[in-house]
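One structure below.
The values are calculated or read from the model by the stated rules, or taken from the named source; none is laboratory data. Computed from a predicted structure; not experimentally measured. Using ideal geometry, Cβ is built from the backbone for each residue, glycine included, and neighbour counts are taken over all protein chains shown. Please note that ligands, DNA and RNA were not included when accessible areas were found on the heavy atoms of the full protein model with its side chains. Shrake-Rupley method; radii C 1.70, N 1.55, O 1.52, S 1.80 Å.
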Amino acid sequence: MSDLVKLNIDGIDVEVPKGTTVLQAAKQINIDIPTLCYLKEINAIGDCRICIVEIEGRRGFVASCIQQVEEGMKVHTNTKNVVEARKIILDLILSNHNRDCLTCVRNGNCELQTLAMKFNVKGIEFEGAKTEHKIDDLSPSIVRDFSKCILCRRCVSTCKNVQKIGAIDCAQRGFESCISTVGNKSLNNVNCTFCGQCITACPVGALREKDSTDIVWEKLKDEDTFVVVQTAPAVRAALGEEFGMKIGTNVAGKMVTALKKLGFDKVFDTNTGADLTIMEEANEFVERFKNGGTLPMITSCSPGWVRFIEMNYPELLDHLSTCKSPHQMFGSILKSYYAEKEKIDPKKMFVVSVMPCVAKKFERQREEMKNGELDDVDAVITTRELARMIKQANIEFTQLEDSSFDDPMGEATGAGAIFGVTGGVMEAALRTAYETITGKELKEIDFESVRGKKGIKKATIKIGDADVKVAVAHGLSNARKIMDEIKEGKADYQFVEIMACPGGCIMGGGQPIRSSKERSEYDIRKLRADCLYDIDEKSTIRKSHESPVMKKLYKEYLEKPGSHKAHELLHTSYHKREKYDL
Amino acid sequence: MDDTKCMVNLAKFYLGFTVDESCGKCTPCRIGTKRMLEILEKITEGEATLEDLERLETLAKTIQKASVCGLGQTAPNPILSTIKYFKDEYLAHINNKKCPAKECKALLSLSINSEKCKKCGLCAKNCPVGAIKGDREHGYEIDENICIKCGACQKNCHFSAIS
């Protein structure tokens, strides 16, 4: 076939399709070329020069991540010259890097550190001036430490090309180059949505979540405080990775044991909060659908997405469901219903949410997320922060026995579990909306058409006599496409699910960070998603409205979905937000 | 260009240009050119060792081969060619702490030749930092700890007594 190109890498003949890069071709024959700025499908710009190789007939070295294969090419990936040059380049990067590795959040999971070990770096040969930089920690979600930035631009590509936000880009030139925002402002004051995808793209510790573990430790030690924790669906699908477990292992049981060992008074499941969200959201949809409300209705569980629409499409805020996100709803219920029932002073209650997300840290402190004077949720920690707490408490996570979430909030449905994956909220809502509208039992409960990795998924679901058109978008670039359609009046959907992170919460900005190499080798999104779908499939109850917890909660406290009480506790409002505060 | 031009200083001049012009995209050019300039500065200040010269050459050759574009690939040329043709000048800076072309100010040491000096005091009058002490009766001396090697005394001496 003419589309195939033959070349020789390190003496091995290989045939690959035209357009393949030398790096990819080498991978096919198990030749590992070290990389640093390369990130599969996101960043291939050949700027760090770690992946350089020698090609016969070429004068200089060539970056294998961008060099496409050519017929008859003879490549050498591991010659003395190449290795020495890589070593010098690595030395240069290290010479302008803040090497406080012991106190760095990425100690042990840093691609630069891994390279330094691989190249047996014993000292810095080319020590010299360092660029002077500051720390930006004004935002409630993301901290930027410029002194650790190695200018690989993986964050820039993620923000600009994957999310199409462009909150950060390269500024200045030469040695003074740095990643900056408009007017060099804090991320807090520019168009950043706090999705945190930049953090999971960063190979080093230049980007990290704003750590909230200190306040949680403090409250855990305080005997007067009743500390409650809830964990999001996606956390259980990824937490194990922090302890060397296989990607996609469901560690819910071990996680609950670990949380109890850490000293939390009660361990609840946000999946129950998700069930509650479905009760309210499905009801809201049915109301809008039947009574001619603003359609399409768009989900509001993803705080990065909410911040995005507030900044970019404030005129379309009516489309957004008024439902709070699951953990906020649950926090609100814990401080009202649960506190009353258990006779606990809600003022002495401290609700911690373990989330796969850094935007949740921002959502938590929104003015709207309060019930009277009390915050619904008092602290949000990410999956990574929880892992750090477990390590700090010297708990052998992999050796733990399983335990169950605390009653009476423990029994969540399968519908709640799939909230953590793109299409999951839609699927869960449809299961409930279908039965609410038709009054008939839904037989085929897997909505395969809204699953999978496609950026925008569309489907038409027959509910009774009506055709309900739905769309599911994940990643903010896809969200923008849907919003533009709605703005131009071209959208004929009635229900839209949007999640800020590509893949949904399982790939959230607060999830374990996997290296570029691992991201090339594994389909992390699929493995984590499969874990949640598996939980759903194995659940005895797979529809939120069939959950006994929900039935009891509405009977004893909330009356019915959309009631006055429910609105007071579980719904919220949004407002236009300026993109730039300059 | 003649023997009054210091070849190390000349390479430094070109490097200053490439450091300014580097766009910052690739590592070798962004950090490498800056490091080469730093080593050249060390040499012209008389603080470099022979190892520094070796490091400079290795780094230059790497940057030449590993940079993305022509700017980085050619940035080391002034260094490599001056080392090739004028290595003695580099060695004079490093081993003897002398600049043969007398251009590198840090390596200059000014003194007054008492035989030629007419004790007129113009040098002391023109020194911007007051490094020249003495009087018209006993003559003048330059205090090297204060002297900034600006050459003002030399320029103003009518009898070429300062070198």
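Residues checked against (1) open to solvent by less than 60 Å² (accessible area, probe 1.4 Å); (2) acidic (Asp, Glu); (3) not in a loop (DSSP other than H, G, I, E, B):
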residue	(1), (2), (3)
B:LYS125	no, no, yes
B:LYS133	no, no, yes
B:TYR140	yes, no, yes
B:GLU144	no, yes, no
B:CYS147	yes, no, no
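Taken as a whole, the structure places B:LYS97 among residues that are modelled with pLDDT under 95 and surrounded by fewer than 18 Cβ atoms within 10 Å (Cβ to Cβ). Being part of a helix (DSSP H, G or I) and more than 18 Å from A:ILE165 (Cβ to Cβ): is that true of A:ILE513 here? Against the criterion (part of a helix (DSSP H, G or I) and more than 18 Å from A:ILE165 (Cβ to Cβ)), A:ILE513 does not qualify.
Per-residue answers, yes or no, for (1) touching a residue at least 60 places away in the same chain (Cβ under 8 Å); (2) open to solvent by 10 Å² or more (accessible area, probe 1.4 Å); (3) among the basic types (Lys, Arg); (4) under 22 Å from A:ASN371 (Cα atoms):
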{"site": "A:PRO296", "(1), (2), (3), (4)": "yes, no, no, no"}
{"site": "A:THR299", "(1), (2), (3), (4)": "yes, no, no, yes"}
{"site": "A:LEU320", "(1), (2), (3), (4)": "yes, no, no, yes"}
{"site": "A:GLY331", "(1), (2), (3), (4)": "yes, no, no, yes"}
{"site": "A:TYR337", "(1), (2), (3), (4)": "yes, yes, no, yes"}
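Among the conditions (1) over 22 Å from the mean Cα position of the chain (by Cα); (2) aliphatic (A, V, I, L, M); (3) in a loop (DSSP other than H, G, I, E, B), A:ILE215 misses just one, which is (3). So which residues in the range A:345-365 are open to solvent by 30 Å² or more (accessible area, probe 1.4 Å) and either over 19 Å from A:LEU553 (Cα atoms) or touching a residue at least 60 places away in the same chain (Cβ under 8 Å) (or both)? Those that are open to solvent by 30 Å² or more (accessible area, probe 1.4 Å) and either over 19 Å from A:LEU553 (Cα atoms) or touching a residue at least 60 places away in the same chain (Cβ under 8 Å) (or both): A:ASP345, A:LYS347, A:LYS348, A:ARG364, A:GLN365.
Each row is one residue, and each column tells you yes or no for (1) under 18 Å from A:ARG153 (Cβ atoms); (2) part of a loop (DSSP other than H, G, I, E, B); (3) open to solvent by less than 50 Å² (accessible area, probe 1.4 Å); (4) of a type in the set (Asp, Glu).
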{"position": "A:LYS27", "(1), (2), (3), (4)": "no, no, no, no"}
{"position": "A:ILE31", "(1), (2), (3), (4)": "no, yes, yes, no"}
{"position": "A:THR35", "(1), (2), (3), (4)": "yes, yes, yes, no"}
{"position": "A:VAL53", "(1), (2), (3), (4)": "no, no, yes, no"}
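From the list A:THR382, A:THR413, the lone residue that is modelled with pLDDT of 95 or more and buried (at least 24 other Cβ atoms within 10 Å of the Cβ) is A:THR382.
Assess whether A:SER403 counts as being among the polar types (S, T, N, Q), under 17 Å from A:THR231 (Cα atoms) and out of contact with any Phe, Trp or Tyr (no Cβ under 6 Å at 6 or more places or on another chain).
yes
Being within 12 Å of chain B (Cβ to nearest Cβ) and open to solvent by 10 Å² or more (accessible area, probe 1.4 Å) is the filter; apply it to the range A:56-66 and report the residue that is nearest to the chain's Cα centre (by Cα). Ranking the candidates gives A:ILE66 first. Restricting attention to the range A:71-108 and to residues that are outside any helix (DSSP H, G or I) and in contact with a Ser or Thr (Cβ under 9 Å, 6 or more places away or on another chain), the residue that is farthest from the other protein chains (Cβ to nearest Cβ) turns out to be A:ASP100. Against the condition of a type in the set (Phe, Trp, Tyr) and open to solvent by 40 Å² or more (accessible area, probe 1.4 Å), how does A:PHE289 come out, does it pass? Judged against the criteria, A:PHE289 is a match. Summed over the range A:420-448, residues that are under 19 Å from A:MET297 (Cα atoms) and open to solvent by 10 Å² or more (accessible area, probe 1.4 Å) total 5. Across the range A:219-244, the number of residues qualifying as surrounded by fewer than 16 Cβ atoms within 10 Å (Cβ to Cβ) and within 26 Å of A:ARG525 (Cβ to Cβ) comes to 1.
Residues that are more than 16 Å from the chain's Cα centre (by Cα) and facing chain A (nearest Cβ under 9 Å): which helices (runs of 4 or more DSSP H) entirely in the range B:1-114 hold 2 or more of them? In the range B:1-114, the matching helices (runs of 4 or more DSSP H) lie at B:7-21, B:33-44, B:50-66. When A:ASP407, A:ASP376 are checked against the criterion of being assigned by TED's automatic domain parsing to the domain that holds A:LYS526 and surrounded by fewer than 17 Cβ atoms within 10 Å (Cβ to Cβ), a single residue qualifies: A:ASP407.
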